[in-house]
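Here the structure is laid out as structure tokens; the discussion comes afterwards.
FYI, it's all coordinate maths here, none of it is from the lab. This is a predicted model, so every value here is computed, not measured. Cβ sites come from the backbone with ideal geometry, for glycine too, and all protein chains shown count toward neighbours.
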């Protein structure tokens, strides 16, 4: 299991939350198919402090990776933590539960990695060779059937997505989407995640935000 390193507790592309996806996809194409990161980052330097929003967006992203693991950081008292308030604890509990319920699918994609060498977090071009996907570094496929486009900018509540070929279903709203570009609402607690229509795991995916339990927000 490859660890992403000591990211900064910020939104920077070179060493913050966005850099984790770039690292994961680069490692994926280098033969290292199992990857995770510290939720919220680690390094606090030069006055930066982990915000509540950053921690929760990072957790939202990590729910759709192979492993969820928080870290207090190198200066815990300067950083927002998983138990800093009740809302944070509730949202983290929801996405942790979602991650656990994804276990059958995660086991499936880990088995693919072991048997075929295909990474768990995959560049889009592995399943759609269209040249427009060759440089995408802010979205990925978790296995072949989940498209994940995390919110990577502070204060942003929507996300532009470019879905690979095929038919897709929004994980939260259950709305159908075709391949191509779309702008979708992505407030905290409503990640821009889509599952492939017709997937053998569709019953699992469709239940993740339809459990009868309290939603994150």
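Summary of values
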read-out	value
Neighbour-count order for 21, 118, 91, fewest beta carbons within 10 angstrom listed first	118, 91, 21
Simple label model, 7 Å out from Cα along Cβ direction - residue 67 to residue 6, nm	1.9 nm
Segment 2-207, Cα convex hull volume normalised per residue, Å³	111 Å³
Residue of 116, 124, 171 that the Gaussian network model of the chain assigns the largest fluctuation, springs spanning Cα pairs under 10 Å	116
The chain: angle of helix 103-116 to the longest principal axis, Cα-based, in degrees nearest 10	70 degrees
Ascending count of other beta-carbon atoms within 10 Å, so fewest first, for 108, 134, 127	134, 108, 127
Mean projected area (nm²) of the alpha-carbon convex hull when segment 31-93 is viewed from all directions	4.8 nm²
DSSP bridge pairs, the chain: antiparallel proportion in percent, nearest 5	85 percent
Proxy reagent accessibility, fewest Cβ within 10 Å first, across 195, 46	46, 195
Within the chain, helix-based [θ] at 222 nm, where runs of 4 or more DSSP H residues each add -39,500 (n - 2.57), nearest 500	-8500 deg cm²/dmol
Degrees separating the helix 17-28 axis from the principal Cα axis of the chain, which is the longest one	50 degrees
Of 89, 163, 17, the one that fluctuates the most in a GNM where the chain has Cα springs shorter than 10 Å	89
Nearest 10 degrees, 0 to 90: helix 52-62 Cα axis against the chain principal axis	30 degrees
Nearest-0.05 FRET efficiency for residue 97 and residue 128, computed from C-beta distance (R0 30 Å)	0.45
Choice from 189, 143, 180 with maximal GNM fluctuation in the chain (Cα, 10 Å cutoff)	180
